[in-house]
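Undergrad: Take this structure, written in structure tokens, and hold onto it; I'll ask about it next.
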Amino acid sequence: SPVAPTDAAGQSGATSSPPAPTSFNDVIDRVIQKEHLFLAQMRHMRPMVETYLQNLKTEGDGKVTPDKDEYFLGRLDMSDGPEDTSFMGQPGFGHRMMNRLTGLYALHFLPLGFAQMVVLDTDFQRKYYNFTFVRREFLGEVRCLVIDVQPRENAPPGRFLGRIWVEDQDYNIVRFNGTYYPHPKSSYYLHFDSWRLNMRAGTWLPAYIYSEESDLKTSFGHPLRFRAQTRL
């Protein structure tokens with residue numbers, strides 16, 4: 001079962017640490033608890049955000065080539081929910097303007113803007129999801145439990161749908177790959193791969209997000225093709 005490893009004496013870490021989970025349900029409880037702590041930490045931080053987005057087009061021979069580049073620089077502020085501001089000057093203005101980064105994807109692909117891809121779910125609770133253990137896996141040198149996450153039928157809209165990687169010492173989410181579900185009528189949920197780094201003991205913070213769409217149909221009937229990377 002996907003529970004914490006123990007040492008030769010049968011102990012799971014320091015005596016001051018919480019007891020190791022004994023079942024998959026215990027693991028999920030610990031993961032949810034850690035994600036709530038992550039959100040509490042992020043409300044006190046103001047990381048710089050840098051995004052490079054490359055729009056793509058399909059040539060007559062079917063080859064996909066870059067069409068236009070966009071660059072965004074801003075700061076993430078989650079003190080009152082996911083929100084982000086841009087430091088980029090706006091056309092026609094000689095001074096720097098503060099502007100919502102929600103417009104980072106012009107057709108409002110994410111109702112909460114870029115910041116939504118930093119957070120798995122602002123209200124992450126067991127009652128909204130089904131969890132399925134997949135396997136153990138290393139991300140670099142980090143031992144992880146790989147878990148599929150799927151919203152339940154009665155869950156509110158905009159819940160995460162995809163896969164998470166959980167380090168097997170403190171049960172922090174270190175990576176999540178997927179989208180949100182179900183898709184709203186007036187906007188779009190993108191596919192993304194969000195990574196966190198271990199900044200100090202027990203603290204994992206968002207560092208890198210990759211997003212790509214190859215043929216997303218918009219309400220205007222035009223396919224959307226782009227790739228983007230964001231660094232915090």
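The values are calculated or read from the model by the stated rules, or taken from the named source; none is laboratory data. Since we're looking at a predicted model, the values are computed, not measured. Counting neighbours? That spans all protein chains shown, and the Cβs are built from the backbone with ideal geometry, glycine included. Accessible surface is based on the protein model in full, side chains and every heavy atom, while ligands, DNA and RNA are left aside. Shrake-Rupley method; radii C 1.70, N 1.55, O 1.52, S 1.80 Å.
Undergrad: Quick one: is F220 at pLDDT below 85 and surrounded by 14 or more Cβ atoms within 10 Å (Cβ to Cβ)?
TA: Details: at pLDDT below 85: yes; surrounded by 14 or more Cβ atoms within 10 Å (Cβ to Cβ): no.
In short, no.
Undergrad: So which of T22, T58 is modelled with pLDDT of 75 or more, of a type in the set (S, T, Y) and farther than 29 Å from W165 by Cα?
TA: On the way: T22 fails: farther than 29 Å from W165 by Cα.
Just a single option satisfies the conditions, and that option is T58.
Undergrad: Filter the range 19-32 for residues that are in a helix (DSSP H, G or I) and without any contact (Cβ under 8 Å) to a residue 40 or more places away in the chain; which is nearest to A201 (Cα to Cα)? Break it down into steps so the answer makes sense when it comes.
TA: Of the residues in the range 19-32, the ones in a helix (DSSP H, G or I) are 24-32.
Okay, now just the ones that are also without any contact (Cβ under 8 Å) to a residue 40 or more places away in the chain, so 25-26.
Values: N25: 25, D26: 22 Å.
Result: D26.
Undergrad: Taking the criterion of being among the basic types (K, R), open to solvent by 90 Å² or more (accessible area, probe 1.4 Å) and without any contact (Cβ under 8 Å) to a residue 40 or more places away in the chain, would at least one residue in the range 193-208 satisfy it? Quick ask: steps written out before the conclusion?
TA: Filtering the range 193-208 for residues among the basic types (K, R) gives 196, 200.
Pick out the ones that are also open to solvent by 90 Å² or more (accessible area, probe 1.4 Å) and you get 200.
Those left that are additionally without any contact (Cβ under 8 Å) to a residue 40 or more places away in the chain: 200.
Taking every residue of the range 193-208 in turn, at least one turns out to be among the basic types (K, R), open to solvent by 90 Å² or more (accessible area, probe 1.4 Å) and without any contact (Cβ under 8 Å) to a residue 40 or more places away in the chain.
Undergrad: Taking the options F109, F160, F124, name whichever one is at pLDDT below 55, among the aromatic types (F, W, Y) and under 26 Å from V49 (Cβ atoms). Full working, then the answer.
TA: Values: F160 fails: at pLDDT below 55; F124 fails: at pLDDT below 55.
Result: F109 is the single residue among F109, F160, F124 that is at pLDDT below 55, among the aromatic types (F, W, Y) and under 26 Å from V49 (Cβ atoms).
Undergrad: Take D170 and decide whether it is charged (D, E, K, R) and at pLDDT 90 or above. Talk me through it step by step, then tell me what you get.
TA: Details: charged (D, E, K, R): yes; at pLDDT 90 or above: yes.
Criteria met by D170.
Undergrad: Report yes if V174 is out of contact with any helix residue (DSSP H, G or I) (no Cβ under 9 Å at 6 or more places or on another chain) and either open to solvent by less than 50 Å² (accessible area, probe 1.4 Å) or closer than 24 Å to Q229 by Cα (or both), otherwise no.
TA: Numbers: out of contact with any helix residue (DSSP H, G or I) (no Cβ under 9 Å at 6 or more places or on another chain): yes; either open to solvent by less than 50 Å² (accessible area, probe 1.4 Å) or closer than 24 Å to Q229 by Cα (or both): yes.
Judged against the criteria, V174 is a match.
Undergrad: So, one more: Sort out which residues of the range 146-180 are over 17 Å from D26 (Cβ atoms) and not in a strand (DSSP E or B), and write them in order of number.
TA: If the condition is that a residue be over 17 Å from D26 (Cβ atoms) and not in a strand (DSSP E or B), then R152, E153, N154, A155, P156, P157, G158 are the ones that fit.
Undergrad: Out of all the residues in the range 146-158, which are crowded, with 20+ Cβ neighbours inside 10 Å and in contact with an Asp or Glu (Cβ under 6 Å, 6 or more places away or on another chain)?
TA: Of everything in the range 146-158, nothing turns out to be crowded, with 20+ Cβ neighbours inside 10 Å and in contact with an Asp or Glu (Cβ under 6 Å, 6 or more places away or on another chain).
Undergrad: Further question: Pairs please, first residue from the range 165-177 and among the polar types (S, T, N, Q), second anywhere and open to solvent by 40 Å² or more (accessible area, probe 1.4 Å) and in a strand (DSSP E or B), Cβ atoms under 8 Å, 6+ apart in sequence or on different chains.
TA: Q169/R143; N177/R163
Undergrad: Picking from D67, D29, D84, which residue would you name as being at pLDDT below 85 and either closer than 20 Å to R225 by Cα or open to solvent by 30 Å² or more (accessible area, probe 1.4 Å) (or both)? Outline the logic, then answer.
TA: On the way: D29 fails: at pLDDT below 85; D84 fails: either closer than 20 Å to R225 by Cα or open to solvent by 30 Å² or more (accessible area, probe 1.4 Å) (or both).
Sole residue among the options that is at pLDDT below 85 and either closer than 20 Å to R225 by Cα or open to solvent by 30 Å² or more (accessible area, probe 1.4 Å) (or both): D67.
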